[in-house]
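All remarks here apply to the structure that follows.
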Amino acid sequence: MNAEAPQGAPGADDHPDVTTPVVVPLLEPADGVPEVVATPEALAATVAAFAAGTGPVAVDAERASGYRYGQRTYLVQLRREDAGTALIDPIALPDLSALSDALVGVEWVLHAASQDLPGLAEQHLRPSRLFDTELAARLLGMERVGLAAVVADTLGLGLAKEHSAVDWSTRPLPAEWLRYAALDVEVLVEVRQVLAERLAVAGKAEWARQEFEAVRLAPPPAPRVEPWRRVSGLHNVRDARRLAVVRELYATRDRNARERDISPGRVLPDAAIVAAAQALPRTVGQLVTLPAFAGKGTRRRAALWQSAIDRAVALPEADLPATRGPASDGPPPARVWGDRDPAAARRLTAARAVVAAASQEHTVPVENLLQPDLLRRLCWSPPQPLDESSVAAALQAGGARAWQVELLAGPLAAALAAA
């Protein structure tokens, strides 16, 4: 579907044998923008239509990241041949299990599925088969894997993304946003067909199948231990008392954000938390003199923040957090391996070279060939006896897919043994 530059286009005479792809803007859904499905009656009609449809179903979801608390889904988009496009309001219709039941056995096509599947599961939408166009693009070695870039590469169409970061919790949703949402699934099945053909030609179709299934079956991520340690700028806070202030402000902010259903960063920026921890103000008056607390909303709740600071300052020494984060069950940071275990450092260097060579040979990003954490664990505590069979077992136990084990176990075993 890629078009070529017309004769006489700028630069055409300079390179007469080179054609320049032209991306045609995709401006309107072929069937128009449908009404938002927001009633049980409309949902029942949608379920019937999609059950009677044919072929894969394109699925997308919109969240309000940066606006609302958590990763709740605020719009679900679907498109299927002979069913058309549906835009469903999951706030009005939180239980979409009937739709999921109607699509059992049907392949769902999503872009970057791992981002949307957890939120869709909250609406009881769970695929029984999956094709992830973003992951397919990665396995094919495409340089740009965002949806707009993949649509342009595969179909020669330009997909606008100007509404990707808007507040999808807004009601009613503006017409322009709904048009954008409908276009996100307009050609997703066609993109899937092109990528599937490319995967087959590259001999990567089975690799992709295994990767898609791993994403589909992935459990929810475990809750983070001490999530407050991920506050941006925390490296500037070094003593335990000030870390306690960060911890208490983080917890207070999280409770307030959850109660108000607002993104925590909008309630109190990370920069304000760090500034308060560094300054240790003893009064509300001192707190609001900090530039990070100059905003109206921040000043309005200054007493709340000062109370959190006061609680942290009053903690006994025994209740202060450790200056280092919680112990991990994994190996130490690779930067210290040279001092702590030179042999492990040599193994890691050799193993990384193996994965880098495979990445170049098969045109697959390193991180998609093998999880970096799994590679570090293998090199820090290699299996014994160190041979292809034991390395394959270690990789499989660490979550590597069969195609990754087959591709890497032998070369990694040889490299580790020689390091």
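At-a-glance table
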| read-out | value |
| --- | --- |
| The stretch 42-83: number of residues that are within 18 Å of A175 (Cα to Cα), touching a helix residue (DSSP H, G or I) at 6+ places or on another chain (Cβ under 8 Å) and open to solvent by less than 30 Å² (accessible area, probe 1.4 Å) | 7 |
| Single match in P326, P333, P382, P316 (criterion: over 33 Å from the mean Cα position of the chain (by Cα) and more than 30 Å from A205 (Cβ to Cβ)) | P316 |
| Total residues in the stretch 310-335, condition under 23 Å from Q286 (Cα atoms) and either among the charged types (D, E, K, R) or touching a Cys at 6+ places or on another chain (Cβ under 6 Å) (or both) | 2 |
| Any chance P326 is in a loop (DSSP other than H, G, I, E, B), farther than 17 Å from R229 by Cβ and in contact (Cβ under 8 Å) with a residue 24 or more places away in the chain | no |
| Residues that are open to solvent by less than 50 Å² (accessible area, probe 1.4 Å), within 20 Å of the chain's Cα centre (by Cα) and touching a residue at least 24 places away in the same chain (Cβ under 8 Å), drawn from the stretch 163-190 | D167, W168, S169, A181, D184, V185, L188 |
| Selected residue (only one of R352, R347 is in contact with a helix residue (DSSP H, G or I) (Cβ under 6 Å, 6 or more places away or on another chain) and among the charged types (D, E, K, R)) | R347 |
| The listed residue being open to solvent by 50 Å² or more (accessible area, probe 1.4 Å), without any contact (Cβ under 8 Å) to a residue 60 or more places away in the chain, not small (G, A, S) and not in a loop (DSSP other than H, G, I, E, B), out of Q306, Q286 | Q286 |
| Residue within the stretch 192-203 that is in contact with a Lys or Arg (Cβ under 8 Å, 6 or more places away or on another chain) and not in a loop (DSSP other than H, G, I, E, B) present | no |
| Residue selected from the stretch 22-47 under the condition in a helix (DSSP H, G or I) and free of Cβ contacts under 8 Å to residues at least 40 places away in the same chain, by the criterion farthest from R79 (Cα to Cα) | E41 |
| Which numbered condition R144 misses (of (1) assigned to a loop (DSSP other than H, G, I, E, B); (2) farther than 30 Å from E361 by Cα) | (2) |
| Matching option when the condition is open to solvent by 20 Å² or more (accessible area, probe 1.4 Å) and either under 24 Å from A292 (Cα atoms) or in contact (Cβ under 8 Å) with a residue 24 or more places away in the chain (or both), among E248, E197, E211 | E248 |
| Which numbered condition E134 fails, given (1) open to solvent by 40 Å² or more (accessible area, probe 1.4 Å); (2) free of Cβ contacts under 8 Å to residues at least 40 places away in the same chain | (1) |
| Residue selected from the stretch 97-130 under the condition surrounded by fewer than 22 Cβ atoms within 10 Å (Cβ to Cβ) and in a loop (DSSP other than H, G, I, E, B), by the criterion nearest to the chain's Cα centre (by Cα) | A112 |
| Pairs where the first residue, in the stretch 377-394, is closer than 23 Å to P333 by Cα and the second is among the β-branched types (V, I, T) and at pLDDT 95 or above, C-beta under 9 Å, 6+ apart | L378/V391; C379/T349; P382/V391; P383/V391; V391/V405 |
| Condition check for V237: open to solvent by less than 50 Å² (accessible area, probe 1.4 Å) and either aliphatic (A, V, I, L, M) or in contact with a strand residue (DSSP E or B) (Cβ under 8 Å, 6 or more places away or on another chain) (or both) | yes |
| Qualifying residue in the stretch 351-365 (condition: of a type in the set (V, I, T) and under 21 Å from A205 (Cβ atoms)) | yes |
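The values are calculated or read from the model by the stated rules, or taken from the named source; none is laboratory data. Note that this is a predicted model, so its numbers are computed, not measured. Cβ sites come from the backbone with ideal geometry, for glycine too, and all protein chains shown count toward neighbours. For the accessible areas, the whole protein counts, side chains as well, though only heavy atoms, and no ligand, DNA or RNA atoms are used. Shrake-Rupley method; radii C 1.70, N 1.55, O 1.52, S 1.80 Å.
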